[in-house]
Structures are given as structure tokens and as C-alpha cells.
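The values are calculated or read from the model by the stated rules, or taken from the named source; none is laboratory data. None of the values given here were measured: they were computed from a predicted structure. Neighbour counts are summed over all protein chains in view; Cβ atoms, including those assigned to glycine, are modelled from backbone coordinates with ideal geometry.
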Amino acid sequence: MAGMISAFLRLDDFMAITILVGGQWGDEGKGRIIDLLAERSKYVVRYQGGSNAGHEVHIGSDVYVLHLIPSGILHSGKVCVIGNGVVVDPVALVGEISELRKRGISVTSDNMAVSDTAHMVMPYHKILDELREIRKGKLKIGTTKRGIGPAYADKVSRTGIRLQELLRPAVFREKLRMRLAENNAVLRSYGAKPLPFEATCEELLRAGRFLKPFICDSVMLLHQAVAQKRDILFEGAQGTLLDIDYGTYPYVTSSHPTSGGACVGSGIPPNRIDRVVGVVKAYTTRVGEGPFPTEHDGALGEKMQRIGDEFGRTTGRGRRCGWFDAVVTRFSRMINGIDELAVTKLDVLDDMPELKICVGYRVGPKLYESVPSDLEALKRCRPVYQTYPGWRTSTKHIRKFEDLPKNARLYLEAISRHTGAPLSIISVGPRRDDTIYVKS
Ligand code: IMP
């Protein structure tokens with residue numbers, strides 16, 4: 001075990017420039033860990049995705065679900081940045097800011113900024129997302145219907161509209177007119193109603209007037225922060241296996257939730273990054289379609305779903321559940337360069353008589369120790385498990401690694417060993433202080 005459990009970690013150890021990524025299929029409990037790390041960083045930055053994310057943070061008895069705004073907003077004195085790699089639904093962002101303000105959270109241009117080069121999720125993107133899913137039938141991806149895929153597609157096709165355009169109404173009207181003509185034709189081809197120009201334009205310009213104080217050159221803002229040696233935390237959304245390149249394509253999201261995405265989505269170069277923290281759940285979940293080798297669709301999966309409250313915070317869908325997949329997290333460690341692992345929701349497993357960790361996949365006679373790049377092989381693979389005894393006692397109140405039941409420690413050490421990354425944080429409940437910082 002030497003070297004697998006890191007030396008005693010305090011929050012200070014995470015500072016400098018840190019990227020936090022999801023090591024599975026999203027929903028790893030990143031919001032929970034970001035909230036802890038944000039306490040000591042000055043800047044918290046989203047770099048990809050959009051309002052498909054749903055980062056949940058519990059503070060006392062209050063629960064906050066953040067879709068676009070970085071979770072750092074729940075701490076005072078932070079600067080939250082929505083980077084250029086994010087696709088922003090301006091109307092949703094206005095709604096999120098207003099909702100936070102209603103709940104007494106200050107959101108001003110002093111503590112929040114959004115990149116002027118971030119592309120917008122337009123109303124037609126959301127409708128098309130839904131229509132395309134319906135048309136795909138059995139082959140649907142199970143998207144969140146937040147318009148993410150169509151918005152990134154327009155960005156890459158160079159037909160997107162960026163937030164800066166909202167600040168120049170005349171330019172915006174012209175671009176929208178062109179884009180709406182084309183997209184309305186597509187909507188009609190699906191048998192859907194076209195969008196009215198004036199009402200659509202006015203709704204977006206209204207959002208633009210609201211967002212004007214927040215819209216800025218985020219690349220310069222972040223480089224100033226780097227020059228001033230500020231601590232920066234990059235907040236990944238979704239997870240590695242949902243990455244457009246490294247995930248289970250086409251059952252993925254349309255951005256790069258991996259650590260490389262943080263550089264492209266913010267303008268901070270790779271040689272400025274100090275560490276990468278991977279977040280994994282103590283078991284595995286997935287929402288939406290696509291292969292999931294350790295999935296349990298029977299009683300065990302239902303039990304995990306119930307105890308872990310595994311329902312999507314953006315769509316309310318039940319998450320598919322199964323055993324911890326070390327093949328997936330090994331792959332994530334490799335792709336992201338994960339230095340430390342944060343393991344969340346250990347307490348959900350408190351009642352299990354025994355636990356399994358998937359350490360390889362078998363497809364016919366072939367044994368895979370890494371995620372096969374061939375989707376058809378991945379669909380057919382059978383997990384190879386190692387079994388661990390359960391601990392059958394509550395871990396919720398525990399705050400020190402050495403106070404965990406022996407079997408829980410063995411299980412965590414196995415996760416660390418099979419993934420190849422030291423553990424730094426374990427969460428045993430939803431609240432801020434339900435946390436164990438790992439000692440060797
Ligand atoms: P999209 O990002 O809405 O296009 O959805 C593509 C896939 O990513 C679907 O399987 C979604 O369920 C999944 N997905 C998107 N965002 C999240 C998230 O925040 N957590 C978990 N899964 C997500």
C-alpha cells in the first residue's frame with residue numbers, strides 16, 4: 001500500500017492551479033469536492049459543457065444545484081469564471097443568477113465573469129436537441145435536452161453566435177436573422193413550429209442587457225490571476241467517459257470534460273497546471289444511454305439508486321447504478337494525469353454485505369485491462385470482479401481515515417491500488433464536514 005494513500009493532506013495542499021475532473025460518467029459528486037477546494041482558491045472556473053451539468057452542494061440544511069455558475073459562488077470573496085469553452089444559455093444564466101440572489105447569495109460583476117467568446121446555446125439548439133433524440137428512436141443518446149450538442153456543432157461549423165454579439169444589438173439581429181432562417185427551415189423539416197424572429201431576438205437581447213456587467217475577456221482576466229499567483233480551481237463538469245474524444249462515443253457529451261479541456265476552455269496553458277484531482281464515486285453510475293459494463297439493473301442497482309439518491313439534478317432521471325469499475329478509473333487516471341483521487345459517497349455502501357470491484361473485462365477469450373476503444377467490444381464485455389467484505393456499520397460520523405472500519409479501508413485501498421492514484425479525500429455524507437482528509 002505504500003504510496004497509495006497520500007501523505008496527510010490539508011486544503012492548502014490543493015492550491016495553486018488545480019483541475020478537478022470527473023473520473024467516471026459524470027455525477028461523481030464533484031460539486032461536493034469543488035465546494036471544499038473552493039474555500040481556499042481565489043478563482044473557480046468552468047471550462048466546458050453548459051447547463052447540462054447539475055452540481056449539488058449542501059450547506060447546513062440548504063441544498064443548491066448549480067448548472068452554469070461555478071460552485072465557488074457559494075463562498076464569499078471568490079471570483080467565478082465561466083470560460084470560453086462553455087456553451088452558455090443566456091436565459092438560463094439569468095435565471096440562475098436571479099435564483100441565487102433570491103436565496104441571499106451575492107452575484108455581482110465582482111464575483112462572477114463570463115467569457116465574451118463563449119458560444120451561446122440558442123432556443124433552436126434546445127428544440128433540435130430534443131427533436132433529434134426523438135428521431136433517433138432506439139439509438140438515442142439520452143441527452144439532457146439542454147441544446148449542448150447542437151450548440152457545439154454550430155461552434156465547430158463556425159455558425160455559432162458568441163456572447164459578445166449580445167452587446168452589439170445591430171450585429172446580433174443580423175446574425176440571428178440569418179441563423180434563424182436556416183434553423184427554422186430545419187425545424188419545419190421535423191414538422192416543428194418555426195421560431196418567431198422578434199420575440200426570440202428580444203428575449204436574448206434582454207438577457208444580454210442583464211448579463212452585460214459580467215461579460216468580459218476571461219482569458220486576460222485569468223492570465224492576470226496567474227501573474228498575481230492566485231489560486232485557481234478548474235471545475236470540470238460531466239466526466240471522462242462522457243468526453244467527446246475519450247468517452248463511449250456516440251453516448252457522450254459534446255465537450256472535453258477531461259483535464260486537457262481545461263486549458264483549451266480557459267486559455268491557461270498546460271505548463272501552468274500544478275495538479276489534477278479526479279473525483280470518483282465509491283460505486284459507478286451513469287445517466288442516459290450507452291455501455292456500462294458493471295451496471296446492475298436488478299435489486300442491487302435499485303438499492304444503490306435508492307440509498308444514494310441517484311436521480312439526475314438536471315433532468316430528474318434515475319441513474320443507472322453498478323459496482324466500482326477500476327478499468328474505467330484507470331483509464332481516467334491515464335487520460336487526465338490524475339494526481340489525487342477524491343472518493344465520494346462511501347456511506348452509500350455501508351450496508352452492503354460484500355462489494356465488488358471490476359478489475360478487467362472479458363470479451364470472449366480476450367481479457368482487457370483498459371477500456372477497449374472498440375465500442376462493440378465494450379458493449380459485449382463481461383466484468384472480471386474482485387470481491388471485498390462489507391463493513392456493515394455507519395461511516396457517516398467518521399472524520400479520520402484510521403477510524404474507518406477495517407473493511408472500508410481495505411476497499412478504499414483497493415480502489416486506490418487498482419486505479420493507480422493516491423487517495424486524498426473521502427466523503428461520507430452530503431454536508432461540508434462529512435469529509436475525511438486522508439493520512440498515510
Ligand atoms: P448532453 O450533454 O445533454 O448532450 O447529454 C449527452 C450525454 O451526457 C447523456 O448521456 C447525458 O445523460 C450525459 N450527461 C450530460 N451532462 C451530464 C451530467 O452533468 N451528469 C451526468 N451525465 C450527463
- What about Phe214, is it among the aromatic types (Phe, Trp, Tyr) and farther than 20 Å from Tyr47 by Cα? no
- Task: Starting from segment 207-225, take each residue that is on the phi < 0 side of the Ramachandran plot and list its partners that are assigned to a helix (DSSP H, G or I) and of a type in the set (Val, Ile, Thr), counting only C-beta distances under 6 angstrom and pairs at least six apart or across chains.
- Result: Ala207/Val91; Ala207/Val94; Phe210/Val94
- Filter pass, Ser370 being away from the ligand (no atom under 16 Å from the Cβ) and touching a residue at least 12 places away in the same chain (Cβ under 8 Å): yes
- Got a number for residues in segment 260-302 being β-branched (Val, Ile, Thr) and more than 16 Å from the ligand (Cβ to nearest atom)? 6
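Condition check ((1) of a type in the set (Val, Ile, Thr); (2) touching a helix residue (DSSP H, G or I) at 6+ places or on another chain (Cβ under 9 Å); (3) within 15 Å of the ligand (Cβ to nearest atom)) across all residues:
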residue: Met120; (1), (2), (3): no, yes, no
residue: Pro123; (1), (2), (3): no, yes, no
residue: Lys140; (1), (2), (3): no, yes, yes
residue: Thr143; (1), (2), (3): yes, yes, yes
residue: Gly147; (1), (2), (3): no, yes, yes
residue: Asp154; (1), (2), (3): no, yes, yes
residue: Ser157; (1), (2), (3): no, no, no
- Determine if segment 14-26 includes at least one residue that is within 10 Å of the ligand (Cβ to nearest atom), modelled with pLDDT of 85 or more and of a type outside the set (Gly, Ala, Ser). yes
- Note on the structure: Picked from segment 228-262 (must be hydrophobic (A, V, I, L, M, F, W, C) and over 18 Å from Arg40 (Cα atoms)), the residue nearest to the chain's Cα centre (by Cα) is Ala237
- Query: Across segment 303-320, what is the number of residues that are closer than 16 Å to Thr144 by Cβ and either away from the ligand (no atom under 14 Å from the Cβ) or in contact with a helix residue (DSSP H, G or I) (Cβ under 9 Å, 6 or more places away or on another chain) (or both)?
  - Reply: 6
- Query: Counting only residues that are touching a helix residue (DSSP H, G or I) at 6+ places or on another chain (Cβ under 6 Å) and closer than 18 Å to Val252 by Cα, which one in segment 280-302 is surrounded by the fewest Cβ atoms within 10 Å (Cβ to Cβ)?
  - Reply: Pro291
- Item | Evaluation of Val363 against (1) in contact with a Lys or Arg (Cβ under 9 Å, 6 or more places away or on another chain); (2) on the phi > 0 side of the Ramachandran plot (one fails), failing number | (2)
- Message: Which pairs turn up if I take residues in segment 308-324 that are closer than 18 Å to Tyr388 by Cβ and touching a residue at least 60 places away in the same chain (Cβ under 8 Å) and look for partners that are more than 11 Å from the ligand (Cβ to nearest atom) and aliphatic (A, V, I, L, M) with beta carbon separation below 6 Å, at least 6 apart in sequence or on another chain?
- Response: Phe324/Ile357
- Checked segment 222-256 for anything more than 10 Å from the ligand (Cβ to nearest atom), surrounded by 24 or more Cβ atoms within 10 Å (Cβ to Cβ) and not in a loop (DSSP other than H, G, I, E, B); matches are Leu222, Ile232, Leu233, Phe234, Glu235, Thr240
- Name every residue in segment 176-212 that is in contact with a strand residue (DSSP E or B) (Cβ under 9 Å, 6 or more places away or on another chain) and not hydrophobic (A, V, I, L, M, F, W, C), in order of residue number. Gly208
- Query: Could you say which residue among Ser157, Ser189 is free of Cβ contacts under 8 Å to residues at least 60 places away in the same chain and either among the charged types (D, E, K, R) or over 23 Å from Gly265 (Cβ atoms) (or both)?
  - Reply: Ser189
- Query: Cys216 is checked against (1) in contact with a strand residue (DSSP E or B) (Cβ under 6 Å, 6 or more places away or on another chain); (2) farther than 16 Å from Val88 by Cα and fails just one. What number does that condition carry?
  - Reply: (2)
- Does Gly267 meet the test of being part of a loop (DSSP other than H, G, I, E, B) and over 15 Å from the mean Cα position of the chain (by Cα)? yes
- Query: Does segment 124-134 include one or more residues that are of a type in the set (Lys, Arg), free of Cβ contacts under 8 Å to residues at least 60 places away in the same chain, under 25 Å from Ile73 (Cβ atoms) and not in a helix (DSSP H, G or I)?
  - Reply: no
- Item | Check on Ile97, over 27 Å from Asp217 (Cβ atoms) and touching a Phe, Trp or Tyr at 6+ places or on another chain (Cβ under 9 Å) | no
- Only one of Ala408, Ala377 is modelled with pLDDT under 95, of a type in the set (Gly, Ala, Ser) and at negative phi, namely Ala377
